[in-house]
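The values are calculated or read from the model by the stated rules, or taken from the named source; none is laboratory data. Every value quoted in this text rests on a predicted model; they were computed, and no experiment measured them. So basically every Cβ, Gly included, is an ideal-geometry build from the backbone, and we count neighbours across all protein chains shown.
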Amino acid sequence: MTERYAYGDSERVELDQFIPASAKKVLDVGCWQGGFGAALKRRRPECVVWGIESDRESAAVAATRLDRVINGCFPEEMVADEHFDLVVFLDVLEHLVDPWNALRQASSLLRPGGVVVASIPNVRHVSVTFPLLARGLWEYKDEGHLDRTHLRFFTRRSMEILFRSSGYEVERIEAINLRDGKTGAILRLGGRLAEEFRAGQYAVVARPKLRPTGSSDDRNDGQTEQPVG
């Protein structure tokens, strides 16, 4: 295995608490080698896990671990008429040109009662904001918050806006992977605002909004409420 796989192949056990017990059929968008889905299947043998992955080599590995893997881009190459209880985007939305469209398309793949679970890096983290404010530095790196392949950047607030403007109700949004660094002792005393500077990522659980039959589509295609993080 090459090192490039390790970055996206974590089991992500910190997300277990966000996965609904009712999720029997799961789609992992950008599944890489299938580490998350394989771990989920071990913990919940009743789960059927599909993955979609654009990297051919990663998809080939994932295909040995998941129930079905599509080598292609989401949502263009999804199989028609397939529906899921859960669609997950684990460190994926920030890599997309149009995460608003990806979320809208995910909504159409959900069975009644289905949800989306996402983990999204928090650009308000102290490792980003301190160099920016103190030294005027915004330095892209090979991984982390300023991964050079990130196309979008989100704060907690702009994550909520992303989901709402894509037609979802956010049921839960919580900090995960709290990273303290040298300022941890001080930040731990600062409540909710300080937590935003410590949160490496946020986990989001969101459900498509229910609209009355015949109602107009109130989505704004990300034009008026695009994230500003």
message = Every residue in segment 31-48 that is over 18 Å from Gln17 (Cβ atoms) and crowded, with 24+ Cβ neighbours inside 10 Å, please.
response = Cys31, Trp32, Gln33, Gly34
request  = Report the residue count in segment 145-176 for those that are part of a loop (DSSP other than H, G, I, E, B) and of a type in the set (A, V, I, L, M, F, W, C).
outcome  = 3
remark   = Taking segment 97-122 and keeping only residues that are charged (D, E, K, R) and within 15 Å of the chain's Cα centre (by Cα), one is left with Asp98, Arg104
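Could you please give the count of residues in segment 106-122 that are among the hydroxyl-bearing types (Ser, Thr, Tyr) and either in a strand (DSSP E or B) or in contact with a strand residue (DSSP E or B) (Cβ under 6 Å, 6 or more places away or on another chain) (or both)?
Residues in segment 106-122 being among the hydroxyl-bearing types (Ser, Thr, Tyr) and either in a strand (DSSP E or B) or in contact with a strand residue (DSSP E or B) (Cβ under 6 Å, 6 or more places away or on another chain) (or both): 2 in total.
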ask   = Which one of Val126, Val79, Val117 is modelled with pLDDT of 95 or more and not aromatic (Phe, Trp, Tyr)?
value = Val117
query = Do we find a residue being among the polar types (S, T, N, Q) and touching a helix residue (DSSP H, G or I) at 6+ places or on another chain (Cβ under 9 Å) anywhere in segment 69-82?
reply = yes
message = So for segment 125-144 (the condition being crowded, with 22+ Cβ neighbours inside 10 Å, assigned to a loop (DSSP other than H, G, I, E, B) and in contact with a strand residue (DSSP E or B) (Cβ under 7 Å, 6 or more places away or on another chain)), does at least one residue qualify?
response = yes
request  = Consider only pairs whose beta carbons are under 6 Å apart and that are at least six residues apart or on different chains; among these, list those whose first residue lies in segment 118-132 and is within 22 Å of Phe89 (Cβ to Cβ) and whose second residue is assigned to a strand (DSSP E or B) and of a type in the set (Ser, Thr, Tyr).
outcome  = Ile120/Tyr202; Asn122/Tyr202
inquiry  = I'd like to check something: does segment 156-171 contain any residue that is at pLDDT 95 or above and either more than 26 Å from Ile19 (Cα to Cα) or of a type in the set (Val, Ile, Thr) (or both)?
reply    = yes
inquiry  = Within segment 32-48, does at least one residue satisfy the condition of being among the aliphatic types (A, V, I, L, M) and closer than 20 Å to Leu103 by Cβ?
reply    = no
